[in-house]
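Derivation of every value follows stated rules applied to the coordinates shown; laboratory data play no part. It should be emphasised that the depicted structure is a prediction, and the values quoted were computed from it without experimental measurement. Because the Cβ atoms are built from the backbone with ideal geometry, glycine has one as well, and the counts that use them run over all protein chains shown.
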Amino acid sequence: MSRPCEVQKCERLSRALCDCCGKHLCLQHLHEHNELLFAQLNPFIDGLNSLGEQLKMFNFHEKVRDCYWKLEQWRVECHQTIDRFFEQKQQELGRNVMTKIEKHQEKITDIQIKLSKLIRDQDVTQRDLNFLSSAVNRLQKDMNRIEQVKFSIQSAPLLIDETLIQIQETNLQLFDPLIFSTIAATISYPKGSWYSLTSNDRFLLIHQAPNLCLLDVTLSKVKESLWPHGKLYDMCWSSSLDRFIVLTNDSTYLVDHNLSSTSLAQILPKYKWFSCTCSNEFLYVTVERWGSSIMQIQLLPPMTVVKEWKPPESCTADDFIESIVYGDGSLALAIRNRAHKSIRVDLCSAKTFDRLWSFVLQTDYDRTNAIRCCLLGSDEWMIPNLHDNHLLHLSANGKLIQRIAYQSTPYRINPFGSIIAIATAVSINFHTEDSNLAQEVPQD
């Protein structure tokens, strides 16, 4: 006997059992139910179409541009190494030939001197003639041997170690503000320490007076080295030089990646520096003065200023550039303006210096500490607001995403692997989503 349709208020008899909902339905409601299920496919269709368009817009060349540049630099440097080796062997071959010729010439010159003396003195004996005959014969035999000498080159093919270049994929995850809800580890600042910090893929460089210190990804101290060069204004990492660049007010130092050596970079002309940042090709340094200039310095030796942006291009005469940070072809500038008693962040093109956007901070102008921006892995920015102990999270186009309350005044922010390091007045706080790392890091 047929059951009634299980849809409320339907008086028709059921014709089928729906596998999806397990209800007995009449033909009309079975059809409606089927259409309803099909309608739920539309969001998937729209989503897949959107992903397809997003994939079409994906800029492959932009993603690999920096890596291509590094490969090209490696190729150029290898060619230069081969050229130097070639020139060395070429000179060695030339020296071997010239040494034989020079020695033979010395023997000829000696006989010529003796012959000239005999002619000058007009005193020749048979013994002298026998000596000259024997000497000339020996020289002729030596000359014959020289002419018969042949050089051969034995060379081995240049074998390339495949491990010289390793391509690694880095997954840049979207930023999660909940990372700041807990502190994984803290390292205290001894008296006299400077807030600057920077990192490469392996190490975080900090200043713990009186030393520069390297921390690895587990936040263990790998090495420390005495820093005797005075106030440390800023520092950044150069992958092209494989060096840390450390800035004082009047000097720029190149620090080896493992702190094994420190050298003074000879950069002309000399200025009073204030902040620095690096791209693959250039070092960007700001000048400490109202109406700040920005120097673009080539990294490959000799390190020379190739471009200078001056007011009004760099900023106005009433502006002081407190910090500069490079990221993905752009320069983020934290700027203090004395006329309007304001602080803003400008994002500019590193090539044309066109302003891309500007963000004005609601902060206390009279605070003396410089503000430094931080580029997050998702092309977003974070700015420490010293006035009310907040972190300002900005989108890639300079719009405020959120204000994140912080437990103390944040001065510097530096991403390091899965960790974000924040320098405060008394310590560096480390935040991470990695629960294992949070349990393993050494507590100060």
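A few remarks follow.
- Label-point separation in nm, LYS231 to TRP69, each point 7 Å along Cα→Cβ: 3.2 nm
- Kirkwood hydrodynamic radius of the chain, Cα pairs, Å: 28.4 Å
- Each of the GluC sites (Glu not before Pro) that DSSP puts in a loop and that has at most 13 other Cβ atoms within 10 Å breaks the chain; the longest unbroken stretch is 12-168.
- Unsatisfied cross-links (Cα-Cα over 27 Å) in the set LYS63/LYS310; LYS272/LYS351; LYS107/LYS150; LYS70/LYS310; LYS270/LYS341: LYS63/LYS310; LYS70/LYS310; LYS270/LYS341
- Ranked ASP161, ASP83, ASP142, criterion: other C-beta atoms within 10 Å, fewest first: ASP161, ASP83, ASP142
- Here is the list for the stretch 220-307: trypsin sites (Lys or Arg not before Pro) lying in DSSP coil, each with at most 15 other C-beta atoms within 10 angstrom of its C-beta, are LYS231, LYS270, LYS272, ARG289.
- Qualifying trypsin sites (Lys or Arg not before Pro) in the stretch 344-427, where qualification requires a DSSP coil assignment and no more than 15 other C-beta atoms within 10 Å, comprise LYS351, ARG367, LYS399.
- FRET efficiency estimate (nearest 0.05) - Cβ-Cβ, ASN34 to CYS10, R0 22 angstrom: 0.90
- Residues whose placed amide H lies under 5 Å from that of VAL7, excluding near-sequence neighbours: CYS26
- In this simple spin-label model, placing a label point 7 Å from the Cα along the Cα-to-Cβ direction at both ASP128 and LEU158 gives a separation of 6.0 nm.
- If the chain linking GLU106 and PHE151 were pulled fully straight, counting 0.36 nm for each residue of separation and taking away their Cα-Cα distance, it would gain 13.9 nm.
- The ranking of ILE167, ILE422, ILE267 from fewest to most other beta carbons within 10 Å of each one's beta carbon is ILE167, ILE267, ILE422.
- Of THR363, THR125, THR81, the residue with the greatest mean-square motion in the GNM of the chain, using alpha carbon springs below 10 Å, is THR125.
- Using R0 = 25 Å, the C-beta based FRET efficiency linking ALA317 and ASP388 works out to 0.25.
- Inter-centroid distance (Cα atoms) of the stretch 1-75 relative to the stretch 206-274, Å: 55 Å
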